[in-house]
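Colleague: First the structure, which I've put down as structure tokens, then a few questions once you've had a look.
The values are calculated or read from the model by the stated rules, or taken from the named source; none is laboratory data. These numbers were taken from a predicted model, which means no experiment stands behind them. Quick reminder, even Gly has a Cβ in these numbers, built from the backbone with ideal geometry, and neighbours come from all protein chains shown.
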Amino acid sequence: MKFVRYESISPIRFFDLRIERSARDQVVAQMWGYGEAFGFRMLVKNYRAKPDDMFFQMWRPDVDLLASNDSDTGARDIKIGIGFYPKRGQRPPSPENVTPLVEGLRQFLDKVPGAAITEVTAQR
């Protein structure tokens, strides 16, 4: 698995989210809800023109979240890579500070029928 790098920074935690194509709108709604509930400022790319081209960028003072479509062309489902990143020039937040964000993300995405979220660990 190749991790998405954000400004040459590796993710603190990284996940693959798999959804059915019909669940796109529900994922967008849940990501918005998650961002609002956990105090993120958000940018969501307008995916209506290219429905499978999903991109989310979220910022907080302590951590950033990036999520984008990582599906193979022609795949039946959509795979979205989601990463939590430290702020540039700052020490990464402690695991105790990131864990509630991860648990919250899982709770919001568990509301999407058929969604499967899996944590990906770095392969050395």
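Colleague: List, please: which pairs have Cβ atoms under 8 Å, are six or more places apart or on different chains, and start with a residue in the range 107-124 that is modelled with pLDDT under 95 and end with one that is of a type in the set (Ser, Thr, Tyr)?
Modeller: From the range 107-124, the pairs are 122/10.
Colleague: Here is a further query. Which ones in the range 66-91 are farther than 24 Å from residue 29 by Cβ and at pLDDT 90 or above?
Modeller: Result: 86, 87.
Residues are listed down the side, and each one gets a yes or a no for (1) modelled with pLDDT of 90 or more; (2) surrounded by 15 or more Cβ atoms within 10 Å (Cβ to Cβ):
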{"position": "18", "(1), (2)": "yes, yes"}
{"position": "21", "(1), (2)": "no, no"}
{"position": "24", "(1), (2)": "no, yes"}
{"position": "27", "(1), (2)": "yes, yes"}
{"position": "32", "(1), (2)": "yes, yes"}
{"position": "36", "(1), (2)": "yes, no"}
{"position": "48", "(1), (2)": "no, no"}
{"position": "54", "(1), (2)": "no, yes"}
{"position": "59", "(1), (2)": "yes, yes"}
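Colleague: Starting from the range 84-96, keep only residues that are basic (Lys, Arg), then list their pairs with residues that are loosely packed, with under 10 Cβ neighbours inside 10 Å and assigned to a loop (DSSP other than H, G, I, E, B) whose Cβ atoms are within a distance under 7 Å, requiring at least 6 positions of separation or different chains.
Modeller: 88/7
Colleague: A further question on this structure: Could you figure out which of (1) at pLDDT 95 or above; (2) over 16 Å from the mean Cα position of the chain (by Cα) isn't true of residue 41?
Modeller: Status for residue 41: all satisfied but (2).
Colleague: Which number in (1) part of a loop (DSSP other than H, G, I, E, B); (2) touching a residue at least 24 places away in the same chain (Cβ under 8 Å); (3) charged (D, E, K, R); (4) over 16 Å from residue 32 (Cα atoms) marks the one condition that residue 72 misses?
Modeller: (2)
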